[in-house]
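Worksheet for the structure shown next.
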Amino acid sequence: MNCCIGTDVKRAARILRTGGLVAFATETVYGLGADALNTGAVARLFDVKNRPRFDPLIVHVADVSRLEQLTTSVPETARKLAERFWPGPLTLVLPKTEAVPDLITAGLSTIAVRIPDHPQALELLRTADLPVAAPSANPFGQLSPTQAEHVADQLGDRIDYILDGGPCRVGVESTVLQLSDDVPLLLRPGGLPVEQIESLIGPVRVAEEAEQPTTHTRPSPGMLPKHYAPATPLVVQSANVPLLSTAARVGLLTLQPVDETSQFTSVEVLSPSGDLTEAAAGFFAALRRLDAEQLDLIVARPFPEHGLGRALNDRLRRAAQKP
Ligand code: TXA
Ligand code: MG
C-alpha cells in the first residue's frame, strides 16, 4: 500500500523526529529524508533505496549555524560560497565532526552539506529542528524524482510520508564541491553552474573519471558511472550522426525541435527556445515519459557544454553507461 502524499509539514517533521522516512521537495529534486544523527533511521534509508553503504549522503540544514555541530572548520571560500549561493543548489564537502555518524559519510572524514532553496523544505528543517540526510528519493541508480507522484511510483510503499512541494524548479541535483583540501574540487556538476562558482572564488578543479575509481577510495563514491538511468537503453548521439540502431521503436530527447522526426516513435523537446534552465527543469520528467513508452532505445542529443548543460550532459553520460 502506498504511503500518503500531503502538505502537512508538522506531520512530516514529527515523522522525522521519531526516526521515520519522509520524501520532500527541494529546488533540485525530491529528497528522501531521515534524521542524520539517528543511525537506525539512516540505515533504513540506505535499505529502502537499495543504496550501497559506500555512497555517502548529503545532510540538509536550514541555517549555517548548524554547521558548527557537523563540521570542524569552515574555510573562508566555503563561507563566501555559502553567503552568495545558500539557500541554493550547491553542496559543500567539508571536514566532519565526530557527531556525524560514519554511516552518513561512508566512513570518510568529510561531510556534504547544503541549505535547500525551497520554502517548504526550509520550514520542514526548521520544524523538525534536525540535520536531515537526504539522497534523491529514487531507488539507487534510477531516475531522480522531480514531482511527488514520481516518488509515490518508485518508493511509495516503502516510506512514511511524501511531502508534496510541487514540481522542482531546478530539476537537476546540486553541484557538489569539495573544500576540505586547498584547491576546490568539483565532484558533481549540478544545479549551480560552475561558471558562477568560479566567478566568485576563482578556478575550480574538475574531478576526472580517473579520480573516481570504482572502489570506496573515490573522492565522491556516489559518482558511479551508471546512474540516473531509465530502464530503456539510452545512447547519446549528435544530430548529424546517422541513427546507428536498427531498433524498432526509438524515442528522442532533444533540447530544441529537430527536422527529422519521422524515424522516432516519440520526441521530447526540452526547450523550444534552447533555454538550459527550462531544459533542466523538465529533464527527468521527460526521460520518465520516454521510459514509460516501451521503447527499444532512447536517443539523447548532447546539450551545449556550458551552464546547466554540463550537469545535463553528465547525467546523460551516466544514463548511457552499460551497467
Ligand atoms: O540536489 C541534491 O543534491 C539532492 C537533493 C535531495 O538535495 N540530493 C542528492 O543526493 O542528489 P544523492 O545522494 O543522490 O547524491 C549525493 C552526492 C553523491 O554523489 C555522493 O557521493 C556525494 O554527494 N557525497 C556525499 N557525501 C560526500 C562526501 N563526504 N565526499 C564526497 N562526496 C560526497
Ligand atoms: Mg541520487
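The values are calculated or read from the model by the stated rules, or taken from the named source; none is laboratory data. Quick caveat: nothing in here was measured; it's all calculated off a predicted structure. Backbone-built Cβ (ideal geometry, glycine too); neighbour counts: all protein chains shown. Areas reflect the complete protein model, heavy atoms only, side chains present, ligands, DNA and RNA absent. Shrake-Rupley method; radii C 1.70, N 1.55, O 1.52, S 1.80 Å.
If we scan region 57-70, do we find a residue that is farther than 17 Å from VAL176 by Cα, assigned to a loop (DSSP other than H, G, I, E, B) and open to solvent by 30 Å² or more (accessible area, probe 1.4 Å)? There is at least one residue in region 57-70 that is farther than 17 Å from VAL176 by Cα, assigned to a loop (DSSP other than H, G, I, E, B) and open to solvent by 30 Å² or more (accessible area, probe 1.4 Å).
Only one entry in PRO116, PRO139 is within 13 Å of the chain's Cα centre (by Cα), within 13 Å of ligand 1 (Cβ to nearest atom) and surrounded by fewer than 20 Cβ atoms within 10 Å (Cβ to Cβ), namely PRO139.
No other residue among LEU124, LEU143, LEU155 is modelled with pLDDT of 95 or more and away from ligand 2 (no atom under 16 Å from the Cβ) apart from LEU124.
Taking the condition open to solvent by less than 60 Å² (accessible area, probe 1.4 Å) and either more than 14 Å from GLY190 (Cα to Cα) or out of contact with any Asp or Glu (no Cβ under 8 Å at 6 or more places or on another chain) (or both), does GLY307 pass? Spelling it out, it is not the case that GLY307 is open to solvent by less than 60 Å² (accessible area, probe 1.4 Å) and either more than 14 Å from GLY190 (Cα to Cα) or out of contact with any Asp or Glu (no Cβ under 8 Å at 6 or more places or on another chain) (or both).
Does region 120-129 contain any residue that is closer than 21 Å to LEU290 by Cβ and either polar (S, T, N, Q) or more than 11 Å from ligand 1 (Cβ to nearest atom) (or both)? Within region 120-129, not a single residue is closer than 21 Å to LEU290 by Cβ and either polar (S, T, N, Q) or more than 11 Å from ligand 1 (Cβ to nearest atom) (or both). For the condition open to solvent by less than 60 Å² (accessible area, probe 1.4 Å), at negative phi and either among the aliphatic types (A, V, I, L, M) or at pLDDT 95 or above (or both), GLU293 does not qualify. Only one of the listed residues (ASP117, ASP164) is among the acidic types (Asp, Glu), touching a residue at least 12 places away in the same chain (Cβ under 8 Å), within 27 Å of GLY309 (Cβ to Cβ) and away from ligand 2 (no atom under 16 Å from the Cβ). That residue is ASP117. Output the residues belonging to region 181-191 that are open to solvent by 10 Å² or more (accessible area, probe 1.4 Å) and more than 8 Å from ligand 1 (Cβ to nearest atom). Residues satisfying the conditions are ASP181, ASP182, VAL183, PRO184, LEU185, PRO189. Determine whether region 170-178 contains at least one residue that is closer than 23 Å to ARG79 by Cα, surrounded by fewer than 24 Cβ atoms within 10 Å (Cβ to Cβ) and more than 16 Å from ligand 2 (Cβ to nearest atom). Looking through region 170-178, at least one residue is closer than 23 Å to ARG79 by Cα, surrounded by fewer than 24 Cβ atoms within 10 Å (Cβ to Cβ) and more than 16 Å from ligand 2 (Cβ to nearest atom).
Taking the criterion of being within 14 Å of ligand 2 (Cβ to nearest atom), open to solvent by 10 Å² or more (accessible area, probe 1.4 Å) and out of contact with any strand residue (DSSP E or B) (no Cβ under 9 Å at 6 or more places or on another chain), the residues of region 25-53 that qualify are ASN50, ARG51, PRO52.
Of all residues being assigned to a strand (DSSP E or B) and of a type in the set (A, V, I, L, M) in region 142-169, which is surrounded by the fewest Cβ atoms within 10 Å (Cβ to Cβ)? Just the residue, please.
Initially, region 142-169 is screened for residues assigned to a strand (DSSP E or B), giving 142, 161-163.
Next cut, of a type in the set (A, V, I, L, M) only: 162-163.
Values: ILE162: 29, LEU163: 27.
Per the stated criteria, the residue is LEU163.
Is it the case, given these coordinates, that VAL194 is open to solvent by less than 20 Å² (accessible area, probe 1.4 Å), touching an Asp or Glu at 6+ places or on another chain (Cβ under 6 Å), away from ligand 2 (no atom under 13 Å from the Cβ) and modelled with pLDDT of 95 or more? No: the conditions fail for VAL194.
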